[in-house]
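Below: one structure, written as structure tokens.
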């Protein structure tokens, strides 16, 4: 089964946009191979687009693969920190215990976390001062707000699965 068997890509795109509009995360839906299926157009901060613009995007891909693998094994949402120190979370999209994809978000900083500007500067091949100038664009998120975003996505996925194409 594919994501498009559950609902049209436009509706997955709307879910990704809603994740951004309602919660501020870089919203995304990934297929079962961890390829981006739909994503929000806006960014949660100015660091993420810089990371995704070049070879450094591998760090995003590895965080997605870790999340996806763990969510498939546990059959529940997973929250990790990416290499830059930002929150990344996914909610599995399961049909008959088969992982069809994931939906989630990234781009916030947990209340108790810090971004390693030295690491990010090396990742981006930029001066640390330039990276530090981008850090104020990263917002912090409470555990409660993060859990609210996860519940919202779980509800949207459950609804999509109830009403999926026959």
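Assorted remarks:
- Linear extension gain, residue 42 paired with residue 11, 0.36 nm per residue minus alpha-carbon span: 9.5 nm
- Residue 98-residue 53 FRET efficiency (beta carbon distance; Förster radius 35 Å; 0.05 resolution): 0.55
- Taking each DSSP H run with n ≥ 4 as -39500 (n - 2.57) and averaging over every residue of the chain yields -14500 deg cm²/dmol at 222 nm.
- Relative contact order of the range 16-137, taken over Cα pairs closer than 8 Å and 6 or more residues apart, is 25 percent.
- Over all pairs of different C-alpha atoms in the chain, the reciprocal of the mean inverse distance, the Kirkwood hydrodynamic radius, equals 16.0 Å.
- Degrees separating the helix 57-74 axis from the principal Cα axis of the chain, which is the longest one: 40 degrees
- Rounded tilt (10° steps) of 143-162 against the dominant C-alpha axis of the chain: 30 degrees
- Degrees separating the helix 9-23 axis from the principal Cα axis of the chain, which is the longest one: 50 degrees
- For the chain, a Gaussian network of Cα nodes joined below 10 Å ranks 105, 54, 24 by mean-square fluctuation, and the top entry is 54.
- Residue 114-residue 75 FRET efficiency (beta carbon distance; Förster radius 30 Å; 0.05 resolution): 0.40
Quick note: the coordinates plus some simple rules give every number you see, no bench work behind them. These figures come from a predicted structure and were not determined experimentally. No Cβ is skipped: glycine too gets one built from the backbone with ideal geometry, and neighbour counts run over all protein chains shown.
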